[in-house]
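The values are calculated or read from the model by the stated rules, or taken from the named source; none is laboratory data. Only a predicted model underlies this, so the values are computations on that prediction, with no experimental measurement involved. Counting neighbours? That spans all protein chains shown, and the Cβs are built from the backbone with ideal geometry, glycine included. Calculation scope for accessible area: heavy atoms of the full protein, side chains included, ligands and nucleic acids excluded. Shrake-Rupley method; radii C 1.70, N 1.55, O 1.52, S 1.80 Å.
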Amino acid sequence: SSDLKFLVLNGPNLNLLGQREPGIYGEQTYDGLCRQLTAFAEAHGSTVDFVQSNYEGALIDAIHGAPGKYDAMVMNPGAFTHYSIALLDALKAVDVPCIEVHISNIHQREEFRHHSVTAAACVGQICGLGFYGYHAAMAYFLTQDAN
């Protein structure tokens, strides 16, 4: 067992999963996502905590609080992806690796969604795989930890 401590961060409007544009984001709920990821972590001898906020500062505070508490972060910044230099700076300021995740394929959507400001401070970016993207990000860290 890896015994990793994960922090999963979700940005604005992700609390509305299942209700918001289900054609794009699917019909599974935010609570469903948290249950899935909790089960995935437990199956791999690890733990996961969740922070969802519609407020940039709350996400920044959570990132600032991660060192010494979490081994890895998985973040879906929502719309903040495309313009939050503050989130980018917070990620760069802490020594906790992060993978950026998007439920939809941001490259199939509006032009303004194609660029991520925050990905530059992340190990990598996963998009378009639905909830599986979060599992894949956690699995990557578990694999790295095993080596």
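From the list LEU91, LEU87, the lone residue that is under 29 Å from GLU27 (Cβ atoms) and not hydroxyl-bearing (Ser, Thr, Tyr) is LEU87. Quick one: would you say VAL96 is crowded, with 22+ Cβ neighbours inside 10 Å and not in a helix (DSSP H, G or I)? When the stated conditions are applied, VAL96 does not pass them.
The set of residues in region 54-64 being open to solvent by 40 Å² or more (accessible area, probe 1.4 Å) and either under 17 Å from ILE99 (Cα atoms) or modelled with pLDDT under 95 (or both) consists of HIS64 alone. Filtering VAL51, VAL74, VAL101 for residues that are at pLDDT 95 or above and farther than 19 Å from VAL123 by Cα leaves a single hit, VAL51. Annotation for region 16-39: no member residue is open to solvent by 40 Å² or more (accessible area, probe 1.4 Å) and under 12 Å from the mean Cα position of the chain (by Cα).
The set of residues in region 101-111 that are under 22 Å from ALA90 (Cα atoms) and open to solvent by 20 Å² or more (accessible area, probe 1.4 Å) is empty.
Looking at region 133-147, which of the residues that are among the hydroxyl-bearing types (Ser, Thr, Tyr) and in contact (Cβ under 8 Å) with a residue 40 or more places away in the chain is most open to solvent (accessible area, probe 1.4 Å)?
Result: TYR140.
Residue-by-condition table, conditions (1) among the β-branched types (Val, Ile, Thr); (2) touching a Leu at 6+ places or on another chain (Cβ under 8 Å); (3) farther than 22 Å from LEU4 by Cβ:
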position	(1), (2), (3)
TYR55	no, no, yes
ALA58	no, no, yes
THR81	yes, no, yes
VAL94	yes, no, no
SER104	no, no, yes
PHE112	no, no, yes
ILE126	yes, no, no
HIS135	no, yes, no
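With respect to being over 24 Å from LEU17 (Cα atoms) and open to solvent by 10 Å² or more (accessible area, probe 1.4 Å), GLY130 falls outside the description.
Residues in region 112-126 that are outside any loop (DSSP other than H, G, I, E, B) and exposed (fewer than 13 other Cβ atoms within 10 Å of the Cβ): PHE112, ALA120.
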